[in-house]
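K.L.:
Below is a structure I'd like to ask you about.
Read-outs throughout are calculated quantities, based only on the coordinates presented, and are distinct from any laboratory measurement. Model, not experiment: these values are computed from the prediction. Note that we place each Cβ from the backbone using ideal geometry, even for glycine, and neighbour counts take in every protein chain shown.
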Amino acid sequence: MGSEVAAAPGSVVPPATSVVPERPPGAPAPGTPLPSHYEHCMGCGSEHPTGLRMRMVAGPGLTVTGHVVLSEHHQGAPGLAHGGLIALAMDEVLGGLGWLLQTPMVTGRLQVEYVRPAPIGTEVGLDAEVVGVDGRRIFCRGSARRTDDGALLARAHAVFVAVPLEHFRSHGRASEVEAAQGRGWEVNP
């Protein structure tokens, strides 16, 4: 048996044939704040009353960083963030990589490993990077850490799937997709 790991169907491990593409010329420059893709998004929307309101910034290469403060609205157990909110934060920062790839994409698979609990009031820094692209599948990984001491809270691996903008028009609200495009959600179909 060889030491090579083969990617099983549905795996978050990129296959050996995957590549990490170059950052497209029109992608936001490192240090550029990334806009919310939709103001009512539970993860990054400024108009969602109890959402995470995550802020993200383009990093070097194909990386994104994010920041969120966990509030009383994000509790699971008393005084601790709900694990689903941590998964939401990971999904959001990983999905932010679409801005850099200039490709609309949706979550195909997300695996989150919880390392330690996140108390309410914790400031969380998140990072994400593309680790391979194979056809329409975009493989990425990320982590969430407390900003005060850098303690690891969670790590994630995911596969996103590149989709045409028509995906959002036909499955969501076409008028709101058009409005989002008017605010800079211009990507390659």
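K.L.:
Mind sorting HIS82, HIS157, HIS40 by how few other Cβ atoms lie within 10 Å of their own Cβ, fewest first?
P.N.:
Ordered from fewest to most neighbouring Cβ atoms within 10 Å, HIS82, HIS157, HIS40 come out as HIS40, HIS82, HIS157.
K.L.:
Taking +1 at the Cβ of each Lys and Arg and -1 at the Cβ of each Asp and Glu, which of PRO14, GLY83, HIS73 sits farthest along the dipole of region 1-148 towards its positive end, judged by Cα position relative to the Cα centre?
P.N.:
Towards the positive end, the residue furthest out is PRO14.
K.L.:
Which whole-Hz ³J(HN,Hα) couplings does region 55-70 yield from phi under the Karplus relation 6.51 cos²θ - 1.76 cosθ + 1.60, θ = phi - 60°, glycine and proline marked x?
P.N.:
In residue order, the calculated couplings are 10, 10, 9, 5, x, x, x, 10, 10, 9, 10, x, 8, 8, 10, 7 Hz.
K.L.:
Taking other Cβ within 10 Å of each residue's Cβ, how do TYR114, TYR38 sort, fewest first?
P.N.:
Final ranking by Cβ density, sparse to dense: TYR114, TYR38.
K.L.:
Find which of LEU152, VAL133, LEU52 sits farthest along the positive direction of the dipole of region 33-182, computed with +1 on the beta-carbon of Lys and Arg, -1 on that of Asp and Glu, about the Cα centre.
P.N.:
Farthest towards the positive pole: VAL133.
K.L.:
Based on alpha-carbon atoms only, what is the radius of gyration of region 33-182 relative to the globular estimate 2.2 N^0.38 Å?
P.N.:
It is 1.02.
K.L.:
Now for a separate question. Kindly list the residues of region 132-166 that lie in the label zone of SER11, defined by a backbone N under 20 Å from the point 7 Å along the Cα-to-C-beta vector.
P.N.:
Residues 132-142, 156-162 fall inside that zone.
K.L.:
Still on this structure, please answer the following. Which order results if GLU39, GLU72 are arranged by neighbouring Cβ count within 10 Å, fewest first?
P.N.:
GLU72, GLU39
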